[in-house]
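Before any comments, here is the structure.
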């Protein structure tokens, strides 16, 4: 076997042994697929964490993709200087990438929670990780050519095929397995460990390495050092995450879970008297005053007309459901909620089950776990007397579609009986005035007559709703509650229909799936609060 001065084999010996050549090629293509998995996972992890912490998924996606991909190009160009020693360079890059990428989530959490410099750190992590990922493929291509003893274009085609296959695996695994099972921190560490495994696997490829013990140690030491860092980080993850999450919330955390769709955090203070639910960092309710929100959402809707069958879109915490079930003539409630874990927690977590009065145990309730827009298109039947639309605020495109003209049109055409009524939680006319009136105008554009109203919810501030019915006659604001409510009364509701000049109607655009203007309205309205 001939070798270079740096202890790396030349291409000649492998060509003399076809079975060795095939085995080496297969191992290197497996390594290529593995590093492709890691590369895409790093991108997805940066995007998902940014969306969770900062709330603006579209901006985070643009920042990460733009900086990451451009840095990959720079890394690819830079790799040319190391092509003469691809094995040692590749192992070093994998060890470095395992630490940089594996510890990326730690750095970003630290920057957000304690240093308030998130975006610069995000860009730095994205550029550095992208550059290292960009170095990998040219080195792997050189290793494949040396292992095969070839220099043809077929090597690049095989390399790219393995790379694309790895990317597909990562794209499927991330939302369904990696993030829900591991969470942000351990997902990054696990991805780094896979990078490290790829570096170690290259050392087992026949025909690539030569030299003595010193050469072997020079290759193994970076992998061993990176492994120590990753193992230590894994062991400290639980303690770090508890400290970090608690830093982000005022009250003690009683439940923290990353699901396939969102991060669910429940806090409790004052000996359980103030329980709060957060989804992706946004407050959904506080038990100290949620009755104001949910009474105002449900009871004006059910005051007039039939109410035998009620449809709830969203509302997975069960609090709107609690108010609906107080009516004895309500015979059936269908609740459509995307995240089954939210329903599970609302049923089983004592703090939530107590708040919703165990509403999901009522035999009148049927839960459907699916996307509301998809359900309306495929499965809805024209039998609801009343529809409650209770989604999180539309601060990202995936949520803005739930406030679209298309969704409201499907409610009218596919779900609501003639003469039925719909209510939509619509955000704050004070903090996000344009967003509120855009929702109202969008509902009107879908064929409804609308009656906007707003109340004071201390945890949220001034909070608005839109009551609607198909046709041209706006519904009235009345009450027919089965008993005395804690907050809402006829006088309060009558006043709720009046808007001061500083929160009154504005000329705004209609929100649609094609043009999700609500995202920008939300961001502009809440900026600075």
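Quick look at the values:
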item	result
Helix-only [θ]222 nm of the chain, DSSP H runs n ≥ 4, -39500 (n - 2.57) each, per residue, nearest 500	-17000 deg cm²/dmol
Kirkwood estimate for segment 345-472, i.e. one over the average of 1/r between Cα atoms, Å	15.8
Folded to 0 to 90 degrees: helix 213-248 orientation relative to the chain principal axis, Cα	10
Gyration tensor (alpha-carbon) shape descriptor, segment 401-529, a/c threshold 1.5	oblate
Fraction of antiparallel bridges per DSSP, the chain only, in percent to nearest 5	65
On Cα atoms only, tilt of 179-203 relative to the major axis of the chain in degrees	10
Range of Cα positions in segment 288-526 per principal axis (Å), largest first	45, 41, 35
Average silhouette area of segment 378-434, convex hull of alpha-carbon atoms, in square nanometres	4.5
Segment 311-396: C-alpha gyration tensor shape, a/c 1.5 cut-off, then a/b vs b/c	oblate
Using alpha-carbon coordinates, inclination of helix 57-78 to the longest axis of the chain, degrees	10
Cα centroid separation, segment 28-92 to segment 135-164 (Å)	18
Exposure proxy ranking, count of Cβ atoms within 10 Å, fewest first, for 529, 164, 465	529, 164, 465
Spacing of the two label points (7 Å from each Cα toward its C-beta) at residue 445 and residue 270, in nm	4.1
Cα-based Rg and Dmax for segment 206-301, where Dmax is the largest Cα-Cα distance (Å)	24.4, 82
Alpha-carbon centroid distance for the pair segment 498-526 / segment 202-279, whole angstrom	39
Order of 90, 240 - criterion: other Cβ atoms within 10 Å of each residue's Cβ, fewest first	240, 90
Radius of gyration, Dmax [the chain; alpha carbons; angstrom]	28.3, 93
Length gained when the stretch residue 371-residue 413 is fully extended (0.36 nm per residue, less Cα-Cα span)	13.4 nm
Fewest-first ranking of 273, 509, 396, using other Cβ atoms within 10 Å as the exposure measure	273, 509, 396
Calculated over segment 12-248: convex hull of Cα atoms, volume per residue (Å³)	123
Global form of segment 81-151, assessed from the alpha-carbon gyration tensor, a/c cut-off 1.5	prolate
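Each reported figure results from applying straightforward, stated rules to the coordinates on display, with no laboratory input. Remember, it's a predicted structure, so these values are computed and weren't measured experimentally. FYI the Cβ positions are ideal-geometry reconstructions off the backbone, even for glycines, and counts take in every protein chain you see.
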